[in-house]
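What follows is a set of notes on a single structure, which appears directly below.
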C-alpha cells in the first residue's frame, strides 16, 4: 500500500515532502486538500487526522504523522539506505541538521506568512514578517558562504545535501511571492541552483527548473 500524502499543491511545506520523496524514489498517493478557498484542512474529517488543522499529513499504512520537518525525518530515516539525508551515524552532523530544521520553521513563520498575506489575504503584519525573513536570510546566506569556502556549499558541514536543505528550500525560493527579494543574498541564489540540480528534483507552481550551466 502506497504512502498517502494529504497535499496542497501551492504549499511549500507539502512541496518539500513531494521533493524528498521524488529524490528518494518513494511511491506515494497524493490526496488533494482544498486549503483555499475551501479550508478543508479545518473540516471535522481532516481534524481527525491532524487536530492542529495544518498541512501536510502523511498516512503510512495506518501510521499518521503531521509536521513537515518531522515527516522529512521519518521519510529519510525509512527510505534512504545511504543515511546521507538524515545522518544518524554522525552525531555532530545530526545536531546540525536538527538545528537547521528548527531554522526552517522560522522561515515558514516569516517568508511563508508574507506569501499568505499577499496571495491569500491572510491578516499578518507583513512588514514585520518581511523584516524577520530578511534577518534569517542574512544568517543563511552567511552560513552558505562559509560552507562554499569550507565544505561543498550545502547548509550543513557535509559533502552532500541533507533534509536541512530540503526543509529550508521551499519558502526561500518562493519568498518573492511575499515581497521578500533575494538580490542581496548571492550565496543563497547559488545554493538554490544547487538544490535544483539534485537528481530527482521536481518543481511546483512558482518554482522553475535551473537554467543550463554557463559555458
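What the table below lists for this structure:
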quantity: Considering only the chain, percent of DSSP beta bridges that pair antiparallel, nearest 5; calculated: 60
quantity: Cα gyration tensor shape of the range 32-141, rounded if a/c is under 1.5, else prolate or oblate by comparing a/b with b/c; calculated: oblate
quantity: Highest to lowest packing among 161-170, 79-88, scored as the average C-beta count within 10 Å; calculated: 161-170, 79-88
quantity: Tensor-based shape of the range 55-100 (alpha-carbon gyration tensor, a/c under 1.5 rounded, otherwise prolate or oblate); calculated: oblate
quantity: Linear extension gain, residue 2 paired with residue 44, 0.36 nm per residue minus alpha-carbon span; calculated: 12.7 nm
quantity: Three-way shape label, the range 13-82, alpha-carbon gyration tensor, a/c 1.5; calculated: prolate
quantity: The range 137-202-the range 46-119 distance, computed between alpha-carbon centres (Å); calculated: 17
quantity: Reported label for calculated Cα Rg over 2.2 N^0.38 Å given [x] 1.62; [y] 1.00; [z] 0.95; calculated: [y]
quantity: Where labels lie 7 Å past Cα in the beta-carbon direction, separation of residue 52 and residue 194 in nm; calculated: 2.9
quantity: Length gained when the stretch residue 79-residue 203 is fully extended (0.36 nm per residue, less Cα-Cα span); calculated: 42.5 nm
quantity: Label point distance in nm, residue 157-residue 127, each placed 7 Å from Cα along Cα→Cβ; calculated: 4.1
quantity: Gain upon complete extension [residue 176, residue 120; 0.36 nm per residue less C-alpha separation]; calculated: 18.7 nm
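A short reminder: the numbers here are calculations on the coordinates, not readings from a lab. Not measured: the values here are computed from a predicted model. When we count neighbours, we look across all protein chains shown, and the Cβ atoms used for this are built from the backbone with ideal geometry, even at glycine.
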